[in-house]
1. Among the listed residues Ala353, Ala397, Ala340, Ala360, which satisfies the condition of being surrounded by 13 or more Cβ atoms within 10 Å (Cβ to Cβ), in the same structural domain as Glu126 (by TED's automatic domain parsing) and in contact (Cβ under 8 Å) with a residue 24 or more places away in the chain?
2. Would you mind finding the one in Ala236, Ala185, Ala151 that is outside the structural domain of Pro319 (by TED's automatic domain parsing) and in a helix (DSSP H, G or I)?
3. Which condition does Tyr327 not pass, out of (1) surrounded by fewer than 22 Cβ atoms within 10 Å (Cβ to Cβ); (2) within 21 Å of Leu124 (Cβ to Cβ), if it passes all the others?
4. Quick check: anything in region 204-226 touching a His at 6+ places or on another chain (Cβ under 8 Å) and either small (Gly, Ala, Ser) or under 22 Å from Gly306 (Cα atoms) (or both)?
5. Could you look through region 190-207, keep only residues that are over 30 Å from Leu148 (Cβ atoms) and in contact with a Lys or Arg (Cβ under 9 Å, 6 or more places away or on another chain), and pick out the one that is surrounded by the fewest Cβ atoms within 10 Å (Cβ to Cβ)?
6. Anything in region 378-394 that is buried (at least 17 other Cβ atoms within 10 Å of the Cβ) and modelled with pLDDT under 95? List them, or say none.
7. Out of the residues in region 204-221 meeting the condition of being under 25 Å from the mean Cα position of the chain (by Cα) and modelled with pLDDT under 95, tell me which one is nearest to Asp367 (Cα to Cα).
Amino acid sequence: MKILALEPFCGGSHQAFFEGWMARSRHTWDFLSLPAHKSSRHIWNSTLWFAEEVIQRLAKGGDGGKGGTSEGKVGANRNKDSKKGTGAKDEPYDLILCSDMLNLAEFRGLVPEPIRSLPAVVYLIENQLTCPIRFESERDWHYAYSNLTTALSADRLWFNSAFHREDFLNRLPEFMRQLPQELPANLIGRIAEKSSVWYTGIEAQPARGPRPPGPMRILWVARWEHMQNPETFFEALKVLKWHGAEFRLSVLGQQFLEHPPAFDWARQYFYYHIDWWGYQANRRDYEDALAEADVVVSTADYEFWGLSLVETIAAGALPIIPDRLSYPEVLSLAENPNEAKDFFYSGSVQELATRLIHLADRTRRNDLWHGDPEKARRLVQRFYWENLVPKMDDELAVIADKPRG
């Protein structure tokens, strides 16, 4: 079957999701994307851009979906702004797959048949109903409303974690009460019925060799945003430094034009501790930084999955993460309580600092893992793309073959 994949925000975990799946899928893909910009206007305009792109392809002749119309097929030729796909030119599309960044209801209203009637799956990597912002008055309600209409328009909603699914569904009643007109009470039930959880995959990582000598190597690998709470991370490192513990520091993660000022003062304050700093555009450099890390830390206030964190765990780093959000689910805390509990802290600066001081001492004694360096890696191997893609491919085939209605 052939998939029309649309991504208005092709960067970070969004890009990793599509490219990781496409590289291993048995289906053919036509992947249209736009660069990752945080501007709301960029996201709003993307719907029209994708619709016009598809309309242009229809105009060239061909049948865009199963069943056939006089407009014929949509070819898989891509313009210079489209990402590499694997579509065959003369094949019709069988299904639409997009992320939460696309307003699916608007897209379907802008494209002609047979594209409009294709079954559509939306993958929710994040959402704007529950995304934390510094000031609630600045929330983009149009964007949040787009998430609602997209959820209603989709045939299936895939969430990247059970935590994300519940967070979204639990917020909908409050959001809908704020709308001027009362909406039918069964809308939330309709959304819940077509919702399921499908994790984002990660690249399989080779086992590490012997650890090189040196102090504990600490890694931060989240976006440079307030919702990732970098202040707690750097304040804990201050305590670690004041304590006299030896450590090295790498701070990676996606950056935007504006970022929390904590990163600027931290670069100066920890200057002589730094190994890597900033976003690593070269994948090999990124993987090298992950492979060098002894400990990866999260202080997130908002995290529905944590792709880079899971990749770092798979590369062999010991995670120290707050006991909240998707993290207990990601590390299977309920299924593996004795293994996973060693990786969690309450979220406070003092407890994080205390844990890091303790781990620095264990690293110095060459006993960071208490003799079981594969402990965390075992918990995330289920997320390897090779384990996920066959099941995801199968599910899309079932959705494409099921009559809509």
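The values are calculated or read from the model by the stated rules, or taken from the named source; none is laboratory data. Only a predicted model underlies this, so the values are computations on that prediction, with no experimental measurement involved. We place every Cβ from the backbone using ideal geometry, glycine too, and count neighbours over all the protein chains shown.
1. Details: Ala353 fails: in the same structural domain as Glu126 (by TED's automatic domain parsing); Ala340 fails: in the same structural domain as Glu126 (by TED's automatic domain parsing); Ala360 fails: in the same structural domain as Glu126 (by TED's automatic domain parsing).
Within the list Ala353, Ala397, Ala340, Ala360, the selection yields Ala397.
2. Numbers: Ala236 fails: outside the structural domain of Pro319 (by TED's automatic domain parsing); Ala185 fails: in a helix (DSSP H, G or I).
Ala151 is the lone residue from the list that is outside the structural domain of Pro319 (by TED's automatic domain parsing) and in a helix (DSSP H, G or I).
3. Failed condition: (1).
4. First pass over region 204-226, keeping only residues touching a His at 6+ places or on another chain (Cβ under 8 Å): 224-225.
From what is left, the residues that are either small (Gly, Ala, Ser) or under 22 Å from Gly306 (Cα atoms) (or both) are 224-225.
Yes, region 204-226 has at least one match.
5. Among residues in region 190-207 that are over 30 Å from Leu148 (Cβ atoms) and in contact with a Lys or Arg (Cβ under 9 Å, 6 or more places away or on another chain), the one surrounded by the fewest Cβ atoms within 10 Å (Cβ to Cβ) is Ala207.
6. Leu379
7. Checking each candidate, the answer is Ala207.
Matching residues to (1) acidic (Asp, Glu); (2) over 21 Å from Ala36 (Cα atoms); (3) part of a loop (DSSP other than H, G, I, E, B):
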{"position": "Val122", "(1), (2), (3)": "no, no, no"}
{"position": "Arg134", "(1), (2), (3)": "no, yes, yes"}
{"position": "Asn147", "(1), (2), (3)": "no, no, no"}
{"position": "Leu157", "(1), (2), (3)": "no, yes, no"}
{"position": "Phe163", "(1), (2), (3)": "no, yes, no"}
{"position": "Leu169", "(1), (2), (3)": "no, yes, no"}
